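Engineer: What follows is a single structure, and I will ask about it in a moment.
Values in this text are rule-based calculations from the coordinates and carry no lab data. Computed from a predicted structure; not experimentally measured. All Cβ positions, even for glycine, are placed from backbone atoms using ideal geometry, and neighbour counts span all protein chains on display.
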Amino acid sequence: MNKTAIYPGTFDPITYGHLDIIIRATKIFDSIIIAISDNFKKKPIFNLKERIELTRTVTIHLKNIKKILGFNDLLANLAKKEKANILIRGVRTIFDFDYEIKLAAINKQIYPDLDSVFLLSSKDVSFISSSFVKEIARYKGDIKPYLPKEAHSALLKKLHNNFLK
Ligand code: COA
């Protein structure tokens, strides 16, 4: 049986935290779909096309990434459409769990064949979030430890264009 799993997020931008989960997921499942939410509520600094491209560049070396797509829909509907019945979520700390349990339940209610699988973030990246990284970058802190090099240079370029012109 071919096990296709979907890994969703905003990826604004993709960090080593996301990459940690993606790499480990590719070792467990046959194929992975990375689903990038439009998530306009979060006011992403990279547009959807840029986030897709950046994620593609950073994961290009991984063999069983089936596709990387943008979406503006319920995640459960997208999973159904893509015939993925495993939803991967990275869990960083115990505090993520409360939200994740509710999210898993609601997603399963919408698409009963969808099961959530939780991967524990590796210790050295468990504190990363895209917002933290963007904040550090805005104050000219060192963001190298948190981002793959392509995401690092894209973020510096984006901030330069947005705030320094
Ligand atoms: N390591 C490091 N950081 C991680 C991480 C990990 N393993 N997993 C998540 N993060 C970070 C992300 O960078 C994100 O940071 P940010 O808030 O600073 O951007 C934060 O933790 C939260 O991540 P997550 O919970 O995955 O949120 P998200 O915004 O990236 O994605 C969706 C949320 C897209 C999965 C969710 O909004 C969704 O499913 N939307 C579609 C609509 C829907 O179906 N909703 C559910 C039914 S109501």
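Engineer: For Ile94 and Ile23 in one chain, what is 0.36 nm times their gap in residues minus the Cα-Cα distance, to one decimal in nm?
Structural biologist: Gain on stretching Ile94 to Ile23: 23.4 nm.
Engineer: Same structure, new question: Calculated from DSSP H runs of 4 or more alone, at -39500 (n - 2.57) each and per residue, what is the 222 nm mean residue ellipticity of the chain, nearest 500?
Structural biologist: Calculated mean residue ellipticity at 222 nm is -14000 deg cm²/dmol.
Engineer: In straight Cα distance, which aspartates and glutamates are under 12 Å from Lys134, not counting same-chain residues fewer than 8 positions off?
Structural biologist: Asp12, Asp142
Engineer: Rounded to two decimals, what ratio of Rg to Rh does the chain give with C-alpha atoms and a Kirkwood Rh?
Structural biologist: With Rh from the inverse mean 1/r over Cα pairs, Rg/Rh is 0.96.
Engineer: Placing +1 on the Cβ of each Lys and Arg and -1 on the Cβ of each Asp and Glu in the chain, which of Ile6, Ala105, Phe40 has its Cα farthest towards the positive end of the resulting dipole?
Structural biologist: Phe40
Engineer: Continuing with the same structure: Which stretch or stretches of segment 2-23 have amide N atoms under 16 Å from the point lying 7 Å from Asn85's Cα along the Cα→Cβ direction?
Structural biologist: Correct set: 2-6.
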